1. Under 7 Å between Cβ atoms, at least 6 apart or on separate chains: pull out the pairs that start in the stretch 37-53 with a residue that is free of Cβ contacts under 8 Å to residues at least 24 places away in the same chain and farther than 15 Å from Gly88 by Cβ and end on any residue that is part of a loop (DSSP other than H, G, I, E, B) and among the aromatic types (Phe, Trp, Tyr).
2. So, Ser48, is that one in a loop (DSSP other than H, G, I, E, B), out of contact with any strand residue (DSSP E or B) (no Cβ under 6 Å at 6 or more places or on another chain) and more than 22 Å from Trp17 (Cα to Cα) or not?
3. How many residues are exposed (fewer than 14 other Cβ atoms within 10 Å of the Cβ) and in contact with a His (Cβ under 7 Å, 6 or more places away or on another chain) if we restrict to the stretch 88-99?
4. Could you run through the stretch 12-44 and say how many residues are aromatic (Phe, Trp, Tyr) and either in a loop (DSSP other than H, G, I, E, B) or surrounded by fewer than 18 Cβ atoms within 10 Å (Cβ to Cβ) (or both)?
5. Would you check which residues across the stretch 54-96 are of a type in the set (S, T, N, Q) and in contact (Cβ under 8 Å) with a residue 12 or more places away in the chain and list them?
6. Restricting to the stretch 79-101, name every residue that is more than 15 Å from Gly56 (Cα to Cα), touching a helix residue (DSSP H, G or I) at 6+ places or on another chain (Cβ under 8 Å) and in a strand (DSSP E or B).
7. Regarding Ser104, is this residue assigned to a loop (DSSP other than H, G, I, E, B), surrounded by 14 or more Cβ atoms within 10 Å (Cβ to Cβ) and of a type in the set (Ser, Thr, Tyr)?
8. Within the stretch 45-71, can you find the residues that are closer than 19 Å to Thr27 by Cβ and surrounded by 15 or more Cβ atoms within 10 Å (Cβ to Cβ)?
Amino acid sequence: MQYDVTQGLQGLCPPGWHIPTEADWNTLFANYISNAFAASPLKYSGFSGFNALLSGAKHMNKTWDYQGFATFFWSSTSHGATKAWAHGMNDTDPSVSLYPAFRSNAFSVRCLKD
């Protein structure tokens with residue numbers, strides 16, 4: 001899928017759903033005080049209902065890395081001409097990190113109901 005600069009675009013998501021914007025992600029994090037505390041409940045713990053799997057990522061068209069340790073999710077909010085915002089979680093950290101990541105990376109996507 002070619003990247004489009006329209007935030008909240010349906011993209012890979014089914015009809016009636018969209019890839020979340022940074023505002024959508026921040027609304028989710030606010031349920032857990034902030035992104036500083038959000039990873040623990042959003043990971044595979046089960047109590048948030050999100051259950052992010054630590055599936056790893058592929059950076060810059062190289063090998064798949066970080067399986068079982070970390071995961072990254074795309075935002076539909078761009079960061080310049082070649083990047084978009086992404087959020088990362090790992091096994092040991094209770095926070096969700098924010099990254100301006102190259103669009104050539106293979107990260108997970110979250111679909112949010114419209």
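Bear in mind these aren't lab numbers, they're just calculated from the coordinates by the rules spelled out. Note that the coordinates shown come from a computational prediction; the quantities given were computed from them, not determined experimentally. Note that we place each Cβ from the backbone using ideal geometry, even for glycine, and neighbour counts take in every protein chain shown.
1. That search, which allows pairs on different chains as well, returns Pro41/Tyr32; Pro41/Phe47; Asn51/Tyr44.
2. It is false that Ser48 is in a loop (DSSP other than H, G, I, E, B), out of contact with any strand residue (DSSP E or B) (no Cβ under 6 Å at 6 or more places or on another chain) and more than 22 Å from Trp17 (Cα to Cα).
3. Matching residues across the stretch 88-99 total 0.
4. Result for the stretch 12-44: 4.
5. Ser55, Asn61, Gln67, Thr71, Ser75, Ser76, Thr77, Ser78, Thr82, Asn90, Ser95
6. Residues satisfying the conditions are Trp85, Leu98.
7. Here the answer is no, as Ser104 does not meet what is asked.
8. Within the stretch 45-71, Ser48, Phe50, Ala52 meet the criteria.
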